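One structure below.
The values are calculated or read from the model by the stated rules, or taken from the named source; none is laboratory data. What you see is a predicted model, and the numbers here were worked out from it, not measured in a lab. Backbone-built Cβ (ideal geometry, glycine too); neighbour counts: all protein chains shown.
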Amino acid sequence: MLDGTRRHRLLFHPETAGGGPARDGASCVLVVDDEAPIRTICRVNLEASGLCVLEAASGDQALELAQAQRPALVLLDVMMPLVDGWQVAERLAAGPATREIPVVFLSARATPEDRREAQRLGAVGYIVKPFDPLQLGDTVERLLERLRKGERERLRRELAEGT
């Protein structure tokens, strides 16, 4: 967290087009949602946690950015026009350059079937809208830390169990 007790050097990374300043060595998160206010809420709170943020307003744009930028994680809405989140996740998983990028769904859809579909598509998390935006950065940082520790399969099992 950026505060008066800890100083972080902020940098603008041109490769994070669509995002804002990031802390040195910060992980980039691709936020994909067709609603600009949701992207803004996510960006502000993720950046406050020291993460850099890429934004995509459509599934097609998300696929292009993921291919070009290889974010540390994709935060992905399910319900979008044309190419929905399920299709984006499926295409990411099928691409040699993008298959290892972890996906966390961010959706108002909250049925057990939705969670099972997310797991089937390889997701490592599922955040239900409405969500607490102040907790988003901590949640994403915890997921990234667990992924760094090699807990991807455990996260996928927990997703299926609804934990």
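No other residue among L92, L65, L75, L54 is modelled with pLDDT of 95 or more and closer than 14 Å to L136 by Cβ apart from L75. Look at (1) without any contact (Cβ under 8 Å) to a residue 12 or more places away in the chain; (2) basic (K, R); (3) touching a Phe, Trp or Tyr at 6+ places or on another chain (Cβ under 8 Å) and you find that R115 fails only one, number (1). The single condition among (1) buried (at least 22 other Cβ atoms within 10 Å of the Cβ); (2) more than 10 Å from the chain's Cα centre (by Cα); (3) closer than 19 Å to D132 by Cα that C42 does not satisfy is (2).
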